[in-house]
Amino acid sequence: MALLQISEPGQSTAPHEHRLAVGIDLGTTNSLVAAVRSGVADTLPDEQGRHLLPSVVHYRHGADPEVGEVALEAAADDPLNTIASVKRLMGRGIEDVKRLGNLLPYEFSPGASAMPRIQTAAGERSPVEVSADILRNLKRRAEATLAGELSGAVITVPAYFDDAQRQATKDAARLAGLDVLRLLNEPTAAAVAYGLDQNAEGVFAIYDLGGGTFDISILRLNRGVFEVLATAGDSALGGDDMDHAIADWMWREAGLSEHADHKLQRRLLRDARAAKQALTNAPTVPVQVLRPDGTAWQGELTRATLVQLVDPLIERTLAPTRRALKDAGLKPQDIQEVVMVGGSTRMPRVREKVQVFFAREPLTRIDPDKVVAIGAAIQADILAGNKPDSDMLLLDVIPLSLGLEVMGGMVEKIIPRNSTIPTVRAQEFTTFKDGQTALLIHVLQGERDLVSDCRSLARFELRGIPPMVAGAARIRVTFQVDADGLLGVAAREQGTGVEATISVKPSYGLTDAEIERMLRDSIAYAGEDNAARNLREQQVDADRVLEAVQAALRADGEKYLDRDERAAIDATMEALQHARAGTDTTAIKQAITALDSATQAFAARRMDASVRVALAGHRLDEFKI
Amino acid sequence: MRLRRELYRLTGQTFAGMQADLGKNYFELFGLPVAFDLDLADLAARYRDLQRRFHPDRFASASEPERRLSLQLTAQINAAFQALKDPVARARYLLALLGVDTGEDTDTAMDTAFLMEQMELRESLDEARSAADRDVRLEVLHQRVDAEFEARSALLRSRFTENSETARRQARNLVREMQFLQKLAHEVTELE
């Protein structure tokens, strides 16, 4: 049961309100939600006591979609309407989907935009919407178990996810009505769970092999600061691929022809997975295939055969592992502990190969299925403000280099991979025609030199450049990657100081208009009262801002504000308090924006003073290492 | 709708919104004297302490302006740490502060002897790529490049103790040569 301490408006000391925040592991195969309760982080079960929620959604005509175990049961009988492993489609375009081929046996709609839409009995669904359905289920579970409304969630993503994949995850959370406190990299989340658990110091390697993605992260832990040194991976490699390898083997052994129907394919995959898991605890397992003509093939899958089938896949994980070590400037023997994350690391062969590579036994103590959600819950608890004295800090990195398209179809890197985030880089551009007022910048992610070998992120059109002679304009474009690993762009002509307006065309993402429409649709079908929900959210936001500003004024109002400035802030605060008490959602929103503007200078002065205090502390203190 | 948290979606922010202009150079940001010599362990400790105070995670419940400032400031801190951590980047930054441009984009003239040597090293690299004793060759090459780099490192340090235009010019040339060597070393590592 959560403890809610409600503060009275106008109280002199604001008692800290415990906020309900959760960690969510949105996995390819299974999803989980976890929270910190009475100081302990653990996953939350559903009504049947199950902690894992299969990331499967079954769409039906004229009824709500089913999510989880019940959807999984429908998979074999209704394969085209039962979407599994949707994570593999997040931030991907229709071309990628075509390349994934028969790994994802769904019907895709040819569309105008690059985002694939799956045809289901309930209509077209984009991967973002399918993920939102999974998140909504977890949100409901959390709110029921914790008996209250969530104030936010930390959602994990593979460290190797690119900008489009991350943005898609954030969009899905938004559709599900979740406030994302942070997008956290899965290996880092696991490191948090283990690191805090063991009070450890040193260099860790996190080997995370999930259903559809592989991540390897090298981290240094020092006095509560988790610093990612390097990360690498493969966002299209996981347990699913092992299932397919086994299913293909069964196919060949059973002598089936090229084209089998979807039902048979799904059943084979399901049986392949079951066999794979059974072999963790037994040396051999019987398998069978029911052919379309009614006859059955029966055989034995042995560990030896399994090893033959999966070894090439495990080998594929070692290349990024070597690369990450190299980027970190380390050798396998420099690693103190290796942590195994993800259901696929239960496989004895995987553990064996990792052990040989690092010449040490990997840590598997925390349930590899739950460890990521648990780490996320720990961070969520801190970000929600429940642990103001926490010393924990996560310094993560961008996994892929960011670059710009330049003449000749080449890519010029502006932010190298493994740069600690947040990070900022500026680049100057100029015009090549007289009177040119716009500039098009194409941003890509990847390590290669050619545009065709990198992943297109977005095209930014800068408009409003003052017309000048060709080559005279000095346009400074600033690229900023935030703590979620997402890119933001700003531009200014240095000579005139004119700021360019920037319109963004994401290569594989949803436009703002599309997301707004989906939000409207999803709220309508979820049966919630749109207006009431928006009002409630704005009121919660208003409370948060008022509390933050009041605390800041109490601490430093006298020091940094003269009477007029203070009066201005007080007036805008009063206006917000007044709006908050009413029912006009727009008015509250505007009042919040007004208060933010009014406190901008105040915030800057406080920050500057903080920096000076921090530096003064360093000059005197010689003993901090 | 939680639009307020969507600040960092792919939309343009105002330029002022990205400028953490505290009027401090990188050395000042870390509370260090503007000089070439510094203790790397001390720098790392200062970096971690600054991040502990200003990282966006510390401002998750703070007001919008504070969160924006925290983001800009930590981005600057990260950029500063990268620049100061590596001796060549540090030297280049120091020279820029002293008004000396290392001119990678504009000035392509370099010492002939040095260029010849670089060409020779590159040829060795190309040969090593397909050679039977590739690993040995790469190791030898790596050591050679490292040695060349270290020799210049010591020289560079001494150039910064002198306060003359000649010394600065020499430092500039050393920086340019060391950048070449760094790139080469990187390519060797990629192949190893």
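The values are calculated or read from the model by the stated rules, or taken from the named source; none is laboratory data. Keep in mind that what you see is a predicted model, and the values were worked out from it rather than measured. Backbone-built Cβ (ideal geometry, glycine too); neighbour counts: all protein chains shown. In case anyone asks, the SASA skips ligands and DNA or RNA and just uses the protein heavy atoms, side chains included. Shrake-Rupley method; radii C 1.70, N 1.55, O 1.52, S 1.80 Å.
Remarks
- Gain on full stretching of the segment that runs from A:ALA581 to A:GLU361 - 0.36 nm per residue minus C-alpha separation: 73.3 nm
- Counts of other chain beta carbons within 10 angstrom of each beta carbon in peptide B:45-54 average 6.
- Peptide packing: for B:132-142, A:341-351, A:231-241, B:176-186, the average count of neighbouring Cβ atoms within 10 Å per residue gives the ranking A:231-241, A:341-351, B:176-186, B:132-142, highest mean first.
- With helices as the sole contributors, chain A gives -12500 deg cm²/dmol at 222 nm; each DSSP H run of n ≥ 4 counts as -39500 (n - 2.57), and the sum is divided by every residue.
- Each peptide among A:376-382, A:566-572 gets the average number of other Cβ atoms lying within 10 Å of its residues, and from highest to lowest they stand as A:376-382, A:566-572.
- Cross-link partners of A:LYS331 among aspartates and glutamates (Cα-Cα below 13 Å; sequence separation of 8 or more within a chain): B:GLU192
- Per-residue average of Cβ from other chains inside 10 Å of A:414-426: 4
- Counting, for every residue in B:76-82, the Cβ atoms of other protein chains within 10 Å of its Cβ and taking the mean gives 4.
- Annotation: amide H of A:VAL287 within the under-5 Å range of A:GLY299, A:GLU300, A:LEU301, sequence separation 5 or more or interchain, hydrogens built in the peptide plane.
- Mean Cβ count within 10 Å, highest first, over the residues of peptides A:155-166, B:162-173, A:327-338, A:388-399: A:155-166, A:388-399, A:327-338, B:162-173
- Using θ = phi - 60° in the Karplus curve 6.51 cos²θ - 1.76 cosθ + 1.60, the 3J(HN,Hα) couplings for the stretch B:45-53 round to 5, 4, 4, 5, 5, 5, 5, 4, 7 Hz; x is entered for Gly and Pro.
- A straight Cα-to-Cα reach below 19 Å connects A:LYS276 with the lysines A:LYS353, residues fewer than 8 places away in its own chain not being considered.
- Accessible-area ranking of A:VAL57, A:VAL203, largest first, probe 1.4 Å: A:VAL203, A:VAL57
- Extension gain, B:ASP133 back to B:ASP39 (0.36 nm per residue minus Cα-Cα distance, nm): 29.9 nm
- Positive minus negative residues near A:LEU290 (Lys, Arg vs Asp, Glu; Cβ under 10 Å): 0
- When the accessible areas of B alone and A alone are added and the area of the pair subtracted, with a 1.4 Å probe, the result is around 6500 Å², both sides summed.
- Rounded to the nearest Hz, the phi-derived 3J(HN,Hα) couplings of the stretch A:66-73 under the Karplus curve 6.51 cos²θ - 1.76 cosθ + 1.60 (θ = phi - 60°) are 9, 10, x, 4, 5, 6, 4, 5, where x marks glycine and proline.
- Vicinal HN-Hα couplings computed from phi for the stretch A:537-543 (Karplus, 6.51 cos²θ - 1.76 cosθ + 1.60; Hz; Gly/Pro x): 4, 5, 5, 5, 4, 4, 4
- Taking Cβ atoms as reference points and 9 Å as the exclusive limit, the residues near B:PHE36 contribute a net charge of +2, counting Lys and Arg as +1 and Asp and Glu as -1.
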